[in-house]
Amino acid sequence: MTKKFRRVAKDKKTGVPKKYLSGAKNKATKAAEIKKTAEAYRKGEYIDIKAVSKSRVAQNVTKKRKKRKKSTKS
């Protein structure tokens, strides 16, 4: 007997699971990159993991913290 999994909520425009696109600046670009990588994986082609990682980090929206200077009060 095969194991059954719950259905995942998918983005209507792209068909990619919503969770993969959450927090992206441009959801369409991120979805295209995910689909392209998945297709290459299925075909057994080479995937440049460093480039994929870099593009996914670039899509990230999380705000970067600024370093605070220590006050010089004594």
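The values are calculated or read from the model by the stated rules, or taken from the named source; none is laboratory data. Since this is a predicted model, take the numbers as computed values, not measurements. Backbone-built Cβ (ideal geometry, glycine too); neighbour counts: all protein chains shown. Heavy atoms of the whole protein, side chains included, go into the accessibility calculation; ligands, DNA and RNA do not. Shrake-Rupley method; radii C 1.70, N 1.55, O 1.52, S 1.80 Å.
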Of LYS27, LYS18, LYS54, the one that fluctuates the most in a GNM where the chain has Cα springs shorter than 10 Å: LYS54
Estimated inter-spin distance, LYS19 and ALA58, nm [label 7 Å along Cα→Cβ]: 2.7 nm
Most fluctuating residue given options LYS35, LYS50, LYS19, as computed from a GNM of the chain linking Cα atoms under 10 Å: LYS50
Carbon and sulfur %, accessible surface of the chain computed with the full protein complex present, 1.4 Å: 55 percent
Under 20 Å from the Cα of LYS12 - lysines, other chains or at least 8 residues apart: LYS25, LYS27, LYS30, LYS35, LYS36
Under 10 Å, Cβ to Cβ, from ARG56 - net charge with Lys/Arg +1 and Asp/Glu -1: +1
Gained length - LYS10 relative to LYS69, 0.36 nm times residue gap less alpha-carbon distance: 16.9 nm
Heavy-atom SASA rank of GLU33, GLU45 (probe 1.4 Å, accessible area, largest first): GLU45, GLU33
GNM flexibility winner over the chain from GLY15, GLY23, GLY44 (Cα, springs under 10 Å): GLY44
For the chain, calculated [θ]222 nm from helices alone, where every DSSP H run of n ≥ 4 adds -39500 (n - 2.57): -13000 deg cm²/dmol
